[in-house]
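Readers should treat all values here as calculations from the given coordinates under stated rules, not as data from a laboratory. Because the structure is a prediction, the values reported are computed rather than measured. Note that we place each Cβ from the backbone using ideal geometry, even for glycine, and neighbour counts take in every protein chain shown.
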Amino acid sequence: MCGIVGYTGPREAGPILLEGLKRLEYRGYDSAGIALVDESGDLFLAKKAGKLANLETEINGRTPHAALGLAHTRWATHGRPDDLNAHPHQDCSGEITVIHNGIIENFRELRDELEAAGHRLTSETDTEALAHLIEDAYEGDLADAVRAALRKVEGAYAIAVMHKREVSRLVGARLNVPLVVGRNGEESFIASDVSAILAHTNQVVFLEDGDVADVRPTGIEVTGVDGRPRSRELTTIDWTPEAAEKGGYETFMLKEIHEQPEALRQSLAGRLGRDGRISLPELEPMAAAVKAATRVELVACGTASYAAMVGASAIERWTDLPARVTVGSEFRYDPPPLDGRTLVIAVTQSGETADTIAPTRLARERGCPIVAVTNTVGSAITREADAILFLQAGPEIAVAASKTFVTQVTTLVVLAAAIARLRGTLPDDEEVGLVRALQALPSAAARALELNGPGASELARRYVNSRGFMYVGRGATYPAALEGALKLKEISYVHAEGYPAGELKHGPISLLDAECPLVAVATRSATYDKLVSNVMEGRARDARVIAVATEGDPQIERFADDVCWVPDTHEVVSPVLAIIPLQLFAYEIARARGTDVDQPRNLAKSVTVE
């Protein structure tokens, strides 16, 4: 997620903005930029790819004595991570300056309209279109122009805007992306995150969806995009700047678990058409290769391999192609037959996983068309792929994956549907039903957090002294069982195994007793009845049972000691909701055991060695 900082007041803006960007470095970024306007209306702008230090070197003390400014760290979603695409962006005249976090879904249409009207857009970003829209609407009042421009915009955004003729004014707006305004005497601040401005003020207004804030040194006024006034109260923040980086949560992992609804919303933005169809333009250049493919090989490691299992299942469900998942470290040394008709999908959060990159390079040498699924723009895997699907989940700081798992699942499901549509094997009603389920998924994830968050600590307390855990699922729920077991192992150091539920009787059932609970992912599915039968086998061995089940299930409570409820959804994407209570359970077990949740022993976020 990009970082936004703005300042207007009596002090010199440059140092305040650079300090704010440093407070946002933990979010991750690939470029940084700053724009300042002095009292004469002269504008200074600098932006550089790479680390914030590169921007500071570029500036080299050249910032003017300006009391108005904007600064930005970019996490690329549209366009390469280079100087040109870095923020801020400007209009044709160079008078309007914009920084933005989010995704403008209709930016291609807007760009075409703007260029047809004579505007010259120079970057690859969606943000630049905003500056030109505001330019078209500007008639002497910046807030009016911003409101008019936003009425044409579809998508999610947090923006901050300034005009060189209005030397003490910022305008901010948000829709589905956080933005906060701070006040302190005769100065005002705007930021994507409280941590950026907490060193200067603890009096803030959290803007709400559809808000447009007119920010001046003397105060702020909030309206809707329609211009109608909105009442917003100042909130006093009692966090330290360090705590603010975690959004008030005690750890990054807990913060990231709770960010999953927004991560899903961002990841799906632009991929679900208004016509009820999947939209994946990144795949269009590979259309011929997709149509010619005879099989699909997915390569991944750890959490990504479990997400890949969901993707493989979806591909086989909707297409005539066999799809197989191979762990990256095995693929290279025992590769399947590879040729130009083998579609390879490489899944890696960091884009730098050596065990995934090596087999991807092998596949490229054999002439395979390659799709990369990653969260990191400019990473090594992107240089090996013919098409790149970015998760757009924002930075994930905790070592144990949470929001990158759920966005990997949804991205792979969207990819599977897009492949099926290209091959003519996806029924219209199935596609429409899937799109509806995906559109509802962010709200359903929020509901799953609401259902399971308050009771997770007490549930963990009842099981914290268990010797080990057996996680089971069937069909679509099996990958969720594997990921749930991995989360527990990673952060609590308690042994846990994930198995297909039908395999219990073929060996693992010997481990079950009163000290080894059974965790069953039993959401509504085609294999639900058989899974319940497997749960009963565990109960017969005195194992306590924790079930993850669909809200409204009338029978699961008869077979389980504890039930974690999740909303109903399309079976293919059910792991997205099923994993949420398992993440919370693992987290609370780890906290009860006193482990370092964000930095578990022996683990690294990006595994760059084989």
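Starting from 0.36 nm per residue, how many nanometres of slack lie between residue 450 and residue 596 once their C-alpha separation is accounted for?
Details: separation 146, 0.36 × 146 = 52.56 nm, distance 2.47 nm.
Going from the current span to full extension adds 50.1 nm.
Considering the options 574, 449, 336, tell which one lies farthest towards the positive end of the dipole of the chain, charges being +1 on Lys and Arg and -1 on Asp and Glu at the Cβ, about the Cα centre.
Positive-most Cα among the choices belongs to 336.
Can you show me the helix-derived [θ] at 222 nm for the chain, built from DSSP H runs with n ≥ 4 at -39,500 (n - 2.57) apiece and divided by the number of residues, rounded to the nearest 500.
-10500 deg cm²/dmol
Give a quick list of trypsin sites (Lys or Arg not before Pro) in segment 356-445 that DSSP marks as loop, anything other than H, G, I, E or B, with at most 16 other Cβ atoms within 10 Å. Display every interim value, and only then the final one.
Working: sites: 361, 364, 366, 383, 403, 421, 423, 436; in loops: 366.
Here the trypsin sites (Lys or Arg not before Pro) that fit, given the DSSP loop and packing criteria, are 366.
If the chain between residue 339 and residue 141 were fully stretched, how many nm would it gain, using 0.36 nm times the residue separation less the Cα-Cα distance?
65.3 nm
Calculate log10 I(q)/I(0) of segment 557-605 for q = 0.14, 0.21, 0.23 Å⁻¹, where I(q) comes from the Debye formula with a single equal point scatterer on each Cα and nothing for solvent.
Calculated log10 I(q)/I(0) at the listed q: -0.53, -0.87, -0.92.
How big is the shadow of the Cα convex hull of segment 256-442, averaged over all directions, in nm²?
Mean projected area for segment 256-442: 9.4 nm², to one decimal.
Roughly how large, in nm² to one decimal, is the mean projection of the convex hull of the alpha-carbon atoms in segment 450-593?
7.3
Need one number: nm distance between label points at residue 503 and residue 239, each 7 Å from Cα along Cα→Cβ, rounded to one decimal.
Each label point lies 7 Å from its Cα, and together they span 4.1 nm.
Which entries in the list 47/255; 51/403; 48/487; 255/530 go over 28 Å, if you measure between the two C-alpha atoms of each?
47/255; 48/487; 255/530
Under 14 Å from the Cβ of residue 232, count the other residues' Cβ atoms, weight Lys and Arg +1, Asp and Glu -1, and hand me the total.
Net local charge, residue 232 excluded: -2.
Tell me which GluC sites (Glu not before Pro) from segment 235-326 have a DSSP coil assignment and no more than 14 other beta carbons within 10 Å of their own.
Loop-located and lightly packed - 250.
Using only the alpha carbons, work out the radius of gyration and Dmax of the chain in angstrom.
Every Cα atom of the chain included, Rg and Dmax give 25.1, 81 Å.
Does a label point 7 Å from the Cα of residue 320, set along Cα-to-beta-carbon, have any residues of segment 279-296 with amide nitrogen under 19 Å, and which are they?
287-296
Fewest to most neighbouring Cβ within 10 Å: what's the order for 246, 47, 530, 291?
By the 10 Å Cβ count, ascending: 291, 530, 246, 47.
How much of the DSSP beta bridge set in segment 450-593 is antiparallel, as a percent to the nearest 5? Mind showing how you got there, number by number?
Values: 1 of 19 bridges.
Restricted to segment 450-593, the bridges split so that about 5 percent are antiparallel.
Pop the C-beta distance of residue 530 and residue 457 into the FRET formula with R0 = 35 Å and round what comes out to the nearest 0.05.
Calculated transfer efficiency: 0.60.
Relative contact order (percent) for the chain, with alpha-carbon contacts under 8 angstrom and 6 or more residues of separation?
Working: 1444 pairs, mean separation 66.5, N = 610.
It comes to 11 percent, rounded to a whole number.
Highest mean first, what order results for 123-132, 263-272, 443-452 on Cβ atoms within 10 Å?
The peptides rank, most packed first, as 123-132, 263-272, 443-452.
Quick one: Karplus J couplings for segment 43-49, per residue in order, coefficients 6.51, -1.76, 1.60, θ = phi - 60°, nearest Hz, x for Gly and Pro?
10, 10, 9, 9, 7, 9, 6
Given the Cα-Cα distance of residue 354 and residue 425 and 0.36 nm per residue of separation, how much length would full extension add, in nm?
Gain in length upon complete extension: 22.1 nm.
Starting from the Cα of residue 513, step 7 Å toward the Cβ, then list every residue of segment 540-573 with an amide N under 18 Å from that point.
Under 18 Å, as judged by backbone N against the label point of residue 513, lie 540-545 of segment 540-573.
Give me the one-decimal nm value for the distance between modelled label points at residue 495 and residue 106, 7 Å along each residue's Cα-to-Cβ direction.
A separation of 5.8 nm, rounded to one decimal place.
What net charge do the residues around residue 347 carry, taking every other residue with its C-beta under 14 Å from that of residue 347, with Lys and Arg at +1 and Asp and Glu at -1? Working shown, then result.
Details: positive: 324; negative: 297, 352, 355, 384, 483.
Local charge sum for residue 347: -4.
R0 = 35 Å: FRET efficiency of residue 26 with residue 115, Cβ-based, nearest 0.05?
0.40
Simple spin-label model, 7 Å along Cα-to-Cβ: residue 209 to residue 165 in nm?
3.5
Sorted from largest to smallest, which semi-axis lengths in Å does the alpha carbon gyration tensor of segment 3-245 give for its equivalent ellipsoid, taking the root of 5 times each eigenvalue?
Value: 24, 21, 17 Å, ordered largest first.
Using a Förster radius of 51 Å, what is the FRET efficiency between residue 288 and residue 228 based on their Cβ-Cβ separation? Nearest 0.05, please.
Efficiency computed from Cβ-Cβ geometry: 0.50.
What three numbers, in Å, describe the spread of the alpha carbons of segment 370-489 along their principal axes, ordered from the longest?
Dimensions of segment 370-489 along the principal axes of its Cα atoms: 51, 38, 25 Å.
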